[in-house]
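Participant: Quick one: structure below, then a few questions.
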Amino acid sequence: QVQLVESGGGLVQPGGSLRLSCAASGISVNMYVMGWYRQTPGKQRELVAAISSGGSTNYADSVKGRFTISRDNAKNTVYLAMNILKPEDTAVYYCKTDVNGRRHWGQGTQVRVSS
């Protein structure tokens with residue numbers, strides 16, 4: 001059974017930093033594409049960053065140069081380091097992976113950027 005558990009969200013001032021974690025069970029994070037998505041009320045969930053099994057990464061244009069996705073295979077965890085946060089980064093952040101044609105999401109973690 002695949003489970004993804006996000007943590008690390010919170011309230012931060014503009015210009016600040018946070019690091020989100022996605023702890024996986026039931027899969028090895030280095031075997032699948034792992035992605036971070038975010039969603040705000042009334043909008044569709046959007047891709048923020050993804051990391052492939054080979055380690056390649058891609059980012060939404062809005063976060064390039066500020067966010068970094070990485071993984072720790074020993075801890076079976078994927079991270080999203082977020083720097084120079086902006087109010088428009090406020091959202092619920094979700095971890096996602098697809099395994100054998102089935103999509104798995106975590107429960108989400110709230111990030112709020114406000115002074």
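Results for (1) out of contact with any Lys or Arg (no Cβ under 8 Å at 6 or more places or on another chain); (2) under 18 Å from Gln13 (Cα atoms); (3) part of a loop (DSSP other than H, G, I, E, B), shown as yes or no for each residue.
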| residue | (1), (2), (3) |
| --- | --- |
| Ser53 | yes, no, yes |
| Ser70 | yes, no, no |
| Ala81 | no, yes, no |
| Glu88 | yes, yes, no |
| Val92 | no, yes, no |
| Cys95 | yes, no, no |
| Asp98 | yes, no, no |
| Arg103 | no, no, no |
| Gln107 | yes, no, yes |
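Participant: Given the criterion touching a residue at least 60 places away in the same chain (Cβ under 8 Å) and under 25 Å from Gln3 (Cβ atoms), identify the matching residue among Asp98, Asp72.
Facilitator: None of the others qualify; the one that does is Asp98.
Participant: Further question: Please work out which one of (1) surrounded by 15 or more Cβ atoms within 10 Å (Cβ to Cβ); (2) without any contact (Cβ under 8 Å) to a residue 40 or more places away in the chain; (3) among the polar types (S, T, N, Q) is the condition Thr57 fails and give its number.
Facilitator: With (1) surrounded by 15 or more Cβ atoms within 10 Å (Cβ to Cβ); (2) without any contact (Cβ under 8 Å) to a residue 40 or more places away in the chain; (3) among the polar types (S, T, N, Q) applied to Thr57, the lone miss is (1).
Participant: Name the residue that is farthest from the chain's Cα centre (by Cα), counting only residues in the range 58-80 that are among the hydroxyl-bearing types (Ser, Thr, Tyr) and over 19 Å from Trp105 (Cα atoms).
Facilitator: Ser62
Participant: Kindly evaluate Asn83 against the criterion of being within 16 Å of Val2 (Cβ to Cβ), modelled with pLDDT of 95 or more and either among the charged types (D, E, K, R) or within 15 Å of the chain's Cα centre (by Cα) (or both).
Facilitator: Here the answer is no, as Asn83 does not meet what is asked.
Participant: Right, here's the next one. Taking the criterion of being free of Cβ contacts under 8 Å to residues at least 40 places away in the same chain and under 15 Å from the mean Cα position of the chain (by Cα), would at least one residue in the range 28-35 satisfy it?
Facilitator: Checked against the condition, which is being free of Cβ contacts under 8 Å to residues at least 40 places away in the same chain and under 15 Å from the mean Cα position of the chain (by Cα), the range 28-35 yields no hits at all.
Participant: Please determine whether any residue of the range 6-26 is in a strand (DSSP E or B), surrounded by 13 or more Cβ atoms within 10 Å (Cβ to Cβ), on the phi < 0 side of the Ramachandran plot and charged (D, E, K, R).
Facilitator: yes
Participant: Just to be sure before I move on: is Arg38 among the basic types (Lys, Arg) and open to solvent by less than 30 Å² (accessible area, probe 1.4 Å) in the structure I sent?
Facilitator: So Arg38 fits the description; yes.
Participant: Still on this structure: With the condition kept exactly as written, say whether any residue in the range 63-72 is of a type in the set (Ser, Thr, Tyr) and open to solvent by 40 Å² or more (accessible area, probe 1.4 Å).
Facilitator: yes
The values are calculated or read from the model by the stated rules, or taken from the named source; none is laboratory data. Here the structure is a predicted model, which is why all the values come from computation and not from measurement. A quick note on method: Cβ atoms are made from the backbone with ideal geometry, for glycine too, and the neighbour counts reach across all protein chains shown. These accessible areas exclude ligands, DNA and RNA; they are computed on the full protein's heavy atoms, side chains included. Shrake-Rupley method; radii C 1.70, N 1.55, O 1.52, S 1.80 Å.
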